[in-house]
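Peer 1: So that we are looking at the same thing, I have put the structure below in structure tokens.
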Amino acid sequence: MGFFNFPSTVTSSDHGLTAVCNKHIHTGYRRPHQPWSYYVTSVFQANNQTFNVWTHLIGCLFIAQKACQLSLTFDFINDAESHPLGAGLISVFILLTGSSFAHWFCDRSDCVHYTCFFIDYSCVGIYAMGTTLVSHCFLVRDKQLAIFLAEWSSPVSVFLSLQVTIVFCWTKFHLGMQHKATKIVQLATVSAFYIWLLVPLLHRCLWPSYTEINLTLGLHKWHVLLAFINALIYVAHFPERWFPKTFDIIGNSHQLHHIVLVATANSFFNATLVEIDNLDAANRHLTSYMIEHLGTMWMSYGVVLSTFAANCIIIVLASLKVKCEETKPSR
């Protein structure tokens, strides 16, 4: 029982908003077209979005606590070497708050639903961009690769971030989440970004001369494994696929996806911090080179936040498109 006397939740067949209904989730939907206060306080009621909101809100608190801890060691404002870490943490925070907001209000109407998840999708691109910045600044161990990434890291990351937003918004609106191709296309788009993030690590794995000195390389296997598990959970829709109506409120794949996502980000930052602590003279020189090109205030915080602003423009345009389609008279 919740803390408030809400209208009861409904099944997918009773909901009436096809965009809102999720594959294999049959019950627990909040009623559409209610006052905003109904959705604000609905996180204290048992429905199929409650834990989607709370998993990310708790994740936000966890990342905020981690950032406070790191601020005792790293000066995120005045130290250029700390700027990429600060931008990376901000990108995680943007993702968690954006996704929490999306799940909080997404049941109100089709237009609100699309707009909420357009915001969520843009935050995915920003998260990937921030973590890529951290990877390219601190994990490079080859001079030629450092020269290449110093020139191309930012423009490619900006392009991939905008691409994530556009592709996710297009598949959500034109194909719908029920379409078999939607999550495959979305996963392929994010995977391309993830491979770009992993370029320094892939380089170290593929060139044996580097594996002898990369004692910390094994630490990264955990966030790679978690990322793979997360992708599998996102696409496969288990366990609710196997047990209809059992995990509609708690324990479904999207909630697990949220939890594993926070664990993945935490594992990535922990491995990177160990890498930073274990830099020798030669690798510290490479890191300084990358910081010189990617660690300025503009190339770290500035590029991440300006790309987020560009994504916001895409969200507005996509939401206007949805609104126009809604107001078209049916034939």
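Peer 1: Please report the accessible area of Tyr38 (heavy atoms, 1.4 Å probe, ligands and nucleic acids excluded) in Å², nearest 10.
Peer 2: Ignoring ligands and nucleic acids, Tyr38 comes out at about 20 Å².
Peer 1: Using helices alone, I'd like the mean residue ellipticity at 222 nm for the chain: each DSSP H run of four-plus residues gives -39500 (n - 2.57), total over residue count, nearest 500.
Peer 2: Mean residue ellipticity at 222 nm (helix-derived): -22500 deg cm²/dmol.
Peer 1: Which one, Ser135, Ile63, His174, is farthest towards the positive end of the dipole of the range 50-325 when Lys and Arg carry +1 and Asp and Glu -1 on their Cβ?
Peer 2: Of the options given, the answer is His174.
Peer 1: Take the chain, connect every pair of alpha-carbon atoms lying under 10 Å apart with a spring to form a Gaussian network, then pick out the residue of Leu201, Leu225, Leu149 with the largest mean-square fluctuation.
Peer 2: Between Leu201, Leu225, Leu149, it is Leu225 that shows the largest mean-square fluctuation.
Peer 1: How much accessible area per residue does the chain have, counting only protein heavy atoms and a probe of 1.4 Å, in square angstrom? Don't skip to the answer; put the middle values down first.
Peer 2: Details: 15590 Å² over 331 residues.
Accessible surface, normalised per residue, equals 47 Å².
Peer 1: Per-residue accessible area for Met297 at 1.4 Å probe radius, Å² rounded to 10?
Peer 2: 90
Peer 1: In the Gaussian network model of the chain, springs joining C-alpha atoms below 10 Å, which of Phe101, Phe44, Phe193 carries the largest mean-square fluctuation?
Peer 2: Of Phe101, Phe44, Phe193, the Gaussian network model singles out Phe44 as fluctuating most.
Peer 1: Of Gly16, Phe76, Ser91, which is farthest along the charge dipole of the chain in the positive direction, counting Lys and Arg as +1 and Asp and Glu as -1 at C-beta?
Peer 2: Gly16
Peer 1: Moving on. Name the residue, out of Leu160, Leu320, Leu133, whose mean-square fluctuation peaks in a Gaussian network model built on the chain with Cα pairs under 10 Å.
Peer 2: Highest fluctuation among the options: Leu320.
Peer 1: At 7 Å along the Cα-to-beta-carbon direction for both Trp170 and Gln144, put a label point, then send me their distance in nm to one decimal.
Peer 2: For the pair Trp170/Gln144, the computed spacing is 3.5 nm.
Peer 1: Taking the Cα centroid of the range 46-104 and of the range 172-251, what is the distance between the two, rounded to the nearest whole Å?
Peer 2: Value for the Cα centre distance between the two parts: 20 Å.
Peer 1: Still on this model: Report the Cα centroid-to-centroid distance between the range 116-149 and the range 258-280 in angstrom, as an integer.
Peer 2: 14
Peer 1: What's the magnitude of the charge dipole for the chain around its Cα centre, counting Lys and Arg as +1 and Asp and Glu as -1 at the beta-carbon? Answer in Debye, nearest 20. Before the final figure, lay out the partial values.
Peer 2: Numbers: 19 positive and 18 negative charges, 224 e Å.
Computed about the Cα centre, the dipole is about 1080 debye.
Peer 1: Using a probe of 1.4 angstrom, how much of the accessible area of the chain is carbon and sulfur, in percent? Present the calculation step by step, with values, prior to reporting the outcome.
Peer 2: Values: 10820 of 15590 Å².
Result for the chain: 69 percent of the exposed heavy-atom area is carbon or sulfur.
Peer 1: May I pose another question? Listed here are the pairs Lys66/Lys183; Lys23/Lys323; Lys23/Lys183; Lys180/Lys221; Lys66/Lys143; which of them are more than 21 Å apart at the Cα? Walk me through the numbers on the way to the answer.
Peer 2: Working: Lys66/Lys183 31 Å; Lys23/Lys323 24 Å; Lys23/Lys183 11 Å; Lys180/Lys221 30 Å; Lys66/Lys143 31 Å.
Checking Cα-Cα distances, Lys66/Lys183; Lys23/Lys323; Lys180/Lys221; Lys66/Lys143 exceed 21 Å.
The values are calculated or read from the model by the stated rules, or taken from the named source; none is laboratory data. Worth saying up front: this structure is predicted, and the values here are computed from it rather than measured. Glycine also receives a Cβ, built like all others from the backbone with ideal geometry; neighbour counts cover every protein chain displayed. Just so you know, the surface numbers come from the protein's heavy atoms only, side chains and all, with ligands and any DNA or RNA stripped out. Shrake-Rupley method; radii C 1.70, N 1.55, O 1.52, S 1.80 Å.
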